[in-house]
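First comes the structure, then the notes that go with it.
The values are calculated or read from the model by the stated rules, or taken from the named source; none is laboratory data. Here the structure is a predicted model, which means the values were calculated and not measured. Every residue, glycine as well, gets a Cβ built from its backbone with ideal geometry; the counts of neighbours run over all protein chains shown. When the accessible area is computed, the model is the full protein with side chains, heavy atoms only, and any ligands, DNA or RNA have been set aside. Shrake-Rupley method; radii C 1.70, N 1.55, O 1.52, S 1.80 Å.
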Amino acid sequence: MHAPLVFRAILGLLMDLAIPASLGAFVMAGMRLRSEGGMNFEASGGFLKWLLWGCFLLSLPGVSLWFVQESVPGAQQFVIAGATGAQYTAGIERVTNDFVSNFLVGHVVPVVAASLVFKAVLDMSQGYSPLASIIAALFLLGVQGFYNLATGSWMQSGEAYGVTDMLMSMFGYAANRISPIVGGLALSAAILNHVRHRPWGALAASGLGFLSVSGLWALITHFAGVSL
């Protein structure tokens, strides 16, 4: 027995709004990245929590399918939600998508990123590190590209375990693409500090660590005897 049309329409609206909500979660992750120090963010801080929520919302159809496979009572309603559209929910969905895509990501985020760049200049003028503001600004400007990757090559399947596929793809992207760049920058900073007779050992060690993230992960999985 199916639920009445009004309830299916509202549930379908909530399922459809998960996509713009995930974009908003990624924007909030960028804001939390600045408050947590840029590069040295807290492992249990808001940055990772908002990333996890964004991935969960993007893969909500797959999570619903997992509920169905586990025979959760009423889970079938999530899969068939919104199958019969209703005009009184279409307007809300259109306005929400337009607000998130065009207003928030298209106009507000660039302004916030520009203010963070200005903040980085002010921090540097006062003798503080500008990296926290610069990295947060880069992340915010890349939210749309980050979202495209998450819904494209990172989402290997739309099945029940799509959220875990996406999280592992995010780790692979960070380890194989971002970490070498950060490692090269850290080694360059170490060389500069060595020339200026300033402490450089920590920068050199962190640079080598960033360059070997993939190797360290492969070594740990080999020692643990697991294949991921």
(request) Taking only the range 70-96 into account, find how many residues are modelled with pLDDT of 70 or more, open to solvent by 50 Å² or more (accessible area, probe 1.4 Å) and in a helix (DSSP H, G or I). (result) 5
(request) May I ask you to say which residue of SER133, SER179 is buried (at least 16 other Cβ atoms within 10 Å of the Cβ), in contact with an Asp or Glu (Cβ under 8 Å, 6 or more places away or on another chain) and assigned to a helix (DSSP H, G or I)? (result) SER133
(request) Check whether at least one residue in the range 142-160 is closer than 24 Å to VAL105 by Cα, open to solvent by less than 30 Å² (accessible area, probe 1.4 Å), in a helix (DSSP H, G or I) and in contact (Cβ under 8 Å) with a residue 24 or more places away in the chain, and report yes or no. (result) yes
